[in-house]
Amino acid sequence: MTLARPGDVIIDLCCGAGAIGAALAAAVEGVEVYAADIDPAAVRCARQNLSADRVYQGDLYAPLPAVLRGRVAILAANVPYVPSEEIGFLPPEARAHEPGVALDGGADGLDVLRRVAAGAAEWLAPGGHLLSETSDRQASLAEAVVTASGLAARVARSSDLNATVIIARRPSSG
């Protein structure tokens, strides 16, 4: 299954250093990659790894150009998903080198995903996809959160990568 083609618009939301957007740009020639993050340091890094004029600082969709609404083929959202009360259990290197905003997903770890999912249909093109990492423990609830936003969602797991991802699709019509 191919999710992106040349000419497609991709958004790397909660982009950090822009690694996801950069990887997608390297994998699919000719895509337009835009990125946003709330953390100024992350935005500075992302501007070094992506087209600087397409990296925005602000809260989720707010700083993105309105012209992108309804045109996005892939919305990769690397949202924080650690429940607030569990941040203290993360390895010291994660707590020491990651800003809290990049880790803290709220009481159940899904607060930011809820906000991303609520706005996704407005930004995705018909048939466009939202991709967001979550924990295996949160996968069922995360899938339900995304489904409640009107997207068709499923969970993909990779034991080799120790990764769990919500893959959601905006319906092609309606």
Handout entry: Scan of region 128-156 for residues that are outside any loop (DSSP other than H, G, I, E, B), modelled with pLDDT under 95 and in contact with a Ser or Thr (Cβ under 6 Å, 6 or more places away or on another chain), ordered by number
Key = Thr134, Ala139, Ala142
Problem - Hits in region 29-58 - residues which are surrounded by 12 or more Cβ atoms within 10 Å (Cβ to Cβ) and in a loop (DSSP other than H, G, I, E, B) - result: Val31, Ile38, Asp39, Leu50, Ser51, Gly58
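Quick check, is Tyr61 among the hydroxyl-bearing types (Ser, Thr, Tyr), modelled with pLDDT of 90 or more, within 13 Å of the chain's Cα centre (by Cα) and not in a helix (DSSP H, G or I)?
On the way: among the hydroxyl-bearing types (Ser, Thr, Tyr): yes; modelled with pLDDT of 90 or more: yes; within 13 Å of the chain's Cα centre (by Cα): yes; not in a helix (DSSP H, G or I): yes.
Here the answer is yes, as Tyr61 does meet what is asked.
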Exercise for the section: Would you confirm whether any residue within region 123-131 is closer than 18 Å to Val9 by Cβ and open to solvent by 50 Å² or more (accessible area, probe 1.4 Å)? Expected result: yes
Exercise for the section: Working only within region 157-174, note down all residues that are in contact with a strand residue (DSSP E or B) (Cβ under 6 Å, 6 or more places away or on another chain) and assigned to a strand (DSSP E or B). Expected result: Arg157, Thr164, Val165, Ile166, Ile167, Ala168, Arg169
Handout entry: Cβ-Cβ under 7 Å pairs, at least 6 apart or on other chains, region 1-28 side under 13 Å from Ala76 (Cα atoms) and open to solvent by 40 Å² or more (accessible area, probe 1.4 Å), far side of a type in the set (Asp, Glu) and outside any loop (DSSP other than H, G, I, E, B)
Key = Ile20/Asp12
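The values are calculated or read from the model by the stated rules, or taken from the named source; none is laboratory data. On a predicted model such as this, the values are computed, not experimentally measured, just so you know. Cβ coordinates were reconstructed from backbone atoms using ideal geometry, including for glycine residues, and neighbour counts include every protein chain displayed. Areas reflect the complete protein model, heavy atoms only, side chains present, ligands, DNA and RNA absent. Shrake-Rupley method; radii C 1.70, N 1.55, O 1.52, S 1.80 Å.
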